[in-house]
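Asks: Let me begin by handing over the structure; questions about it come next.
The values are calculated or read from the model by the stated rules, or taken from the named source; none is laboratory data. As the structure is a computational prediction, the values presented were derived from the model and not from experiment. Cβ: placed from backbone, ideal geometry, glycine included. Neighbour counts: every protein chain shown. For accessibility, only protein heavy atoms count, side chains too; no ligands or nucleic acids. Shrake-Rupley method; radii C 1.70, N 1.55, O 1.52, S 1.80 Å.
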Amino acid sequence: MVTTHNLGFPRIGARRELKFALESYWKGETSREELTRKGADLRARHWRDQAALDLIPVGDFAFYDQVLDMSFTLGHLPARVRDFHGHPLDNYFRVARGRSAAGTDDHAGCCGGVAAGEMTKWFDTNYHYIVPEFDADTKFSLDPARLLEQVAEARALGVKAKPVIIGPLTYLALGKAKDGSDRLALLARLLPAYAALLAALAGQGVEWVQIDEPILVTDLDPAWRAAFAGAYKALAGCGVRLLLATYFGPLRENLDLVAALPVHGIHLDAVNAGDEVDALVRAMPADRVVSLGVVNGRNIWKTDLTAVLNWLEPVAARLGDRLWIAPSCSLLHVPVDLAGERKLDQEIKSWLAFAIQKLEEITLLARALTRGRAAVADDLARNQAAIAARRNSPRVHNPAVKQAVARIDDRLGRRQGPFALRNARQKSVLPLPLYPTTTIGSFPQTREIRLVRSAFKAGTLDLNTYQAAMRQEIERSVREQEALDLDVLVHGEAERNDMVEYFGEQLEGYAFSQAGWVQSYGSRCVKPPILFGDISRPRPMTVEWITYAQSLTPKPMKGMLTGPVTILNWSFVRDDQPRAISCFQLALAIREEVLDLEKAGIRIIQIDEAALREGLPLRRSQWADYLGWAVESFRITANGVDDATQIHTHMCYSEFNDIIAAIADMDADVITIETSRSDMDLLKAFDSFNYPNQIGPGVYDIHSPNIPTEAQIIDLMNKAAQRIPAERLWVNPDCGLKTRAWGEVIPALTSMVNAAKALRASAA
């Protein structure tokens, strides 16, 4: 018999129930009891959705982030919140977002706002986690209540529970040592907490625990590799059977190390490491389980089940009941259920599988392996028909687009002059002050904006009324920015639902779900568009809105675009051609928009590449190839303009110190980056790299409701000026203001503008 299981399930809910429950609690509209009850309801529903599996993950649910959950389980809290004695859930939210629910901070006698934890991307995904904070004195004190309560909850419902935790070495690797100390030196203090946690789970009758160590698919130095053997030897006698899970890539030089660990099973991502299956099976002791991730947990295309069975059947014959099958990784990265899609194009829908459908694929494969293909012949035939239909569909292939990509040459990606020459010309047409101020692009998406857009999409509001409402919102954003005395304005993006979906809706080759929500962080959800075919731009996408905004003000207005690499990385991308080809197609399409904006008189154009870093392969040996086509795609998009046109780009919540040379190769005139949560830590790259162009280090953490003070912003900018000459510095938030309320935005930007004026005065 083949054992079926899952590594993790989407926690946000098919209708984003957790998002709305969290935001209601943070506003003080609902009680903590109501929030915890909603969490229990969602867990119960999601366990029912997985009932056909032999083992179901427990502990994968989090109110904000699974890494933050692990920090609290380990009793590892930042010092700034350690002495707070209120409810643990409110302390949890303070670390996540700087404060908890309206009223709870004051009630607890706390100052209300604290510095939120630093946030960055989970490996090469668009999911963000809260970074654990270490120093040489870090101690751990186990608090297993959350996980034990969920295990008891699951058992009461008859769930065949497999608790899920982040492994000790991955947990240390994900964090940062604020004092520069050695994180690995903390392992000896950390392991007793893990041993106690596993013993506590054993005491509840748990048989299997999934312990995630995805750092095993990355480049590890010898000390970290050596630490694995000792760590898992220390955990070997804790009373439970350990399934060590790796995912997102191949093990390579770590395969023999993993196979020799004293655990009871290994999970391998067979979607990304299919060529390692035979080697792992040969290397594993005869009493160990081999779990294979045979369905892609990060994309939404149907699995070619016949192709999987062709290579999996011999493996099953060899392993017998030692074989487990699952998705390649947690299903956190895909939407919940395709069945809820009522408006999605039926042909394209037939090519897709969301989380629930992926688990159905797992159970179908298990039946085929156990009973033979004849037992599922009709299911396999339907699957093959869908695979063939997608492969042969004329909607997927556009010869004209393929020919345009074939004609790309180096000239497309080259600016007319070097930065020094461009900078001089731009100063002549854009007379900006020292420390110019701007924002990243979006302004608050109010309830009124969302209602108007929803009514227009539903057909209950006509085009003229919709456009008039959006123009009114654009004018509001412009007037507010003028009152704030910002130097470079934006139109506010009232008409945009999402920075990727908005563009995808206007490009050929994209399709869209109605409820395909995926968690990005906390309560923030995105609905990635589905890139199914060759990409082209039928018509201008932003020119009308941007030129209208420019007509309202004499101040310079930025054109706002999303770059090709970010559109690619934040979409569900076709898997039938190299990602580089899809990216070049996007670059050519967005290039047309850039040139049209310039023709319309827009002299500053921002092309956001927030996702450049997250697409970086996990192995350094593959970086050069990715960065080559990613940077070239940006240059193709941006570099057709005159030297007097200023090109900006933006990147957020990404560790890019190690790719700063590639970022410089993008040759944007101005780059804006997130630095507020890291206290300008990301600027350390400029200690050893002479970045040649202008830079705007983010000084306002827009993911927290806390309002920055003028003094805090001046302090951050002074830190930046120690590394970047003042004449090349901009002052801006670290990301768009879409998720904030006007009541937060106005005082925060007032502080920012006042800080810039004070900096100018001190430099005079």
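Asks: If we only count helices (runs of 4 or more DSSP H) wholly inside region 400-503, which ones have 3 or more residues that are touching a residue at least 40 places away in the same chain (Cβ under 8 Å), closer than 20 Å to Trp545 by Cα and open to solvent by 20 Å² or more (accessible area, probe 1.4 Å)?
Replies: Numbers: elements: 419-429, 447-458, 463-484.
In region 400-503, the matching helices (runs of 4 or more DSSP H) lie at 463-484.
Asks: Under 8 Å by Cβ, and 6 or more places apart or on different chains, what pairs join a residue from region 367-382 that is without any contact (Cβ under 8 Å) to a residue 12 or more places away in the chain with one that is among the hydrophobic types (A, V, I, L, M, F, W, C) and surrounded by 11 or more Cβ atoms within 10 Å (Cβ to Cβ)?
Replies: Here the result reads Arg367/Ala375; Arg367/Val376; Ala375/Ala368, each pair linking region 367-382 to a residue that is among the hydrophobic types (A, V, I, L, M, F, W, C) and surrounded by 11 or more Cβ atoms within 10 Å (Cβ to Cβ).
Asks: So how many residues does region 253-286 have that are under 31 Å from the mean Cα position of the chain (by Cα), surrounded by 15 or more Cβ atoms within 10 Å (Cβ to Cβ) and part of a helix (DSSP H, G or I)?
Replies: Going through region 253-286 one residue at a time, the tally reaches 9.
Asks: Same structure, new question: Just checking: which of the helices (runs of 4 or more DSSP H) contained wholly in region 674-764 hold 2 or more residues that are buried (at least 23 other Cβ atoms within 10 Å of the Cβ) and under 28 Å from the mean Cα position of the chain (by Cα)?
Replies: Details: elements: 685-688, 710-721, 742-763.
Here the list reads 710-721, 742-763.
Asks: Got a number for residues in region 162-194 being open to solvent by less than 20 Å² (accessible area, probe 1.4 Å) and not in a helix (DSSP H, G or I)?
Replies: Result for region 162-194: 7.
Asks: Which fully enclosed helices (runs of 4 or more DSSP H) of region 1-87 have 2 or more residues being free of Cβ contacts under 8 Å to residues at least 40 places away in the same chain? If you could, list the steps in order and put the result at the bottom.
Replies: Numbers: elements: 17-26, 32-49, 66-73, 79-82.
The qualifying helices (runs of 4 or more DSSP H) are 17-26, 32-49, 79-82.
Asks: Taking region 225-252 as the region of interest, how many residues are open to solvent by 30 Å² or more (accessible area, probe 1.4 Å) and assigned to a helix (DSSP H, G or I)?
Replies: 7
Asks: Also, I was wondering about something else. Just for helices (runs of 4 or more DSSP H) wholly inside region 574-668: which have at least 3 residues that are hydroxyl-bearing (Ser, Thr, Tyr) and within 29 Å of Leu352 (Cβ to Cβ)? Before the answer, list the steps.
Replies: On the way: elements: 579-599, 623-638, 660-666.
Output list reads 623-638.
Asks: Further, regarding this structure: State all residues of region 287-319 that are open to solvent by less than 30 Å² (accessible area, probe 1.4 Å) and either basic (Lys, Arg) or without any contact (Cβ under 8 Å) to a residue 40 or more places away in the chain (or both); if no residue qualifies, say none. Give the steps one after another, and end with the answer.
Replies: Filtering region 287-319 for residues open to solvent by less than 30 Å² (accessible area, probe 1.4 Å) gives 289-295, 297, 299-301, 303, 305, 308-309, 312, 315-316, 319.
Within region 287-319, Val290, Leu292, Val315, Leu319 qualify.
Asks: What number of residues within region 28-68 satisfy the criterion of being in contact with a Gly (Cβ under 7 Å, 6 or more places away or on another chain) and open to solvent by 40 Å² or more (accessible area, probe 1.4 Å)?
Replies: 1
Asks: Could you check region 626-663 and list, in sequence order, the residues that are open to solvent by 20 Å² or more (accessible area, probe 1.4 Å) and within 26 Å of Lys427 (Cα to Cα)? So that I can check it myself, show each step before the final result.
Replies: The first filter runs over region 626-663 and keeps only residues open to solvent by 20 Å² or more (accessible area, probe 1.4 Å), leaving 627-629, 632, 635, 640, 642, 655, 657-658, 661.
Hits for region 626-663 are Arg635, Gly640, Asp642, Ala661.
Asks: Let me ask you something else. Step by step: first the residues of region 382-407, then only those that are more than 30 Å from the chain's Cα centre (by Cα) and among the aliphatic types (A, V, I, L, M), then the one that is farthest from Leu588 (Cα to Cα). Which residue is that?
Replies: Per the criteria, the residue is Ala385.
Asks: Can you give me the number of residues within region 572-590 that are charged (D, E, K, R) and either under 16 Å from Met541 (Cα atoms) or open to solvent by less than 30 Å² (accessible area, probe 1.4 Å) (or both)?
Replies: The initial filter retains those residues of region 572-590 that are charged (D, E, K, R), namely 574-576, 579.
Among the residues that remain, those that are also either under 16 Å from Met541 (Cα atoms) or open to solvent by less than 30 Å² (accessible area, probe 1.4 Å) (or both) are: 574.
The total comes to 1.
Asks: Hey, another quick one. Which numbered condition trips up Phe123, out of (1) in contact (Cβ under 8 Å) with a residue 40 or more places away in the chain; (2) open to solvent by less than 30 Å² (accessible area, probe 1.4 Å)?
Replies: Of everything listed in (1) in contact (Cβ under 8 Å) with a residue 40 or more places away in the chain; (2) open to solvent by less than 30 Å² (accessible area, probe 1.4 Å), Phe123 misses just condition (2).
Asks: Gly743 versus (1) touching a residue at least 12 places away in the same chain (Cβ under 8 Å); (2) under 19 Å from Arg99 (Cα atoms): which is the lone unmet condition?
Replies: (1)
Asks: Residues Ala515, Ala511, Ala469: which one is under 25 Å from the mean Cα position of the chain (by Cα), modelled with pLDDT of 95 or more and of a type in the set (A, V, I, L, M)? Break it down stepwise before answering.
Replies: Numbers: Ala515 fails: modelled with pLDDT of 95 or more; Ala469 fails: under 25 Å from the mean Cα position of the chain (by Cα).
The conditions single out Ala511.
Asks: Follow-up question, since we're still on this one. What single numbered condition from (1) assigned to a helix (DSSP H, G or I); (2) open to solvent by less than 20 Å² (accessible area, probe 1.4 Å) fails to hold for Ala200?
Replies: The failed condition is (2).
Asks: Give the residue, chosen from Glu598, Glu609, Glu632, that is under 30 Å from Arg391 (Cβ atoms) and either at pLDDT below 95 or of a type in the set (Asp, Glu) (or both). It would help to see each step written out before you state the result.
Replies: Working: Glu598 fails: under 30 Å from Arg391 (Cβ atoms); Glu609 fails: under 30 Å from Arg391 (Cβ atoms).
Just a single option satisfies the conditions, and that option is Glu632.
Asks: Shifting gears a bit: Residues being within 23 Å of Ala245 (Cβ to Cβ), in contact with a helix residue (DSSP H, G or I) (Cβ under 8 Å, 6 or more places away or on another chain) and open to solvent by 20 Å² or more (accessible area, probe 1.4 Å): count how many of those fall in region 144-158.
Replies: Count: 4.
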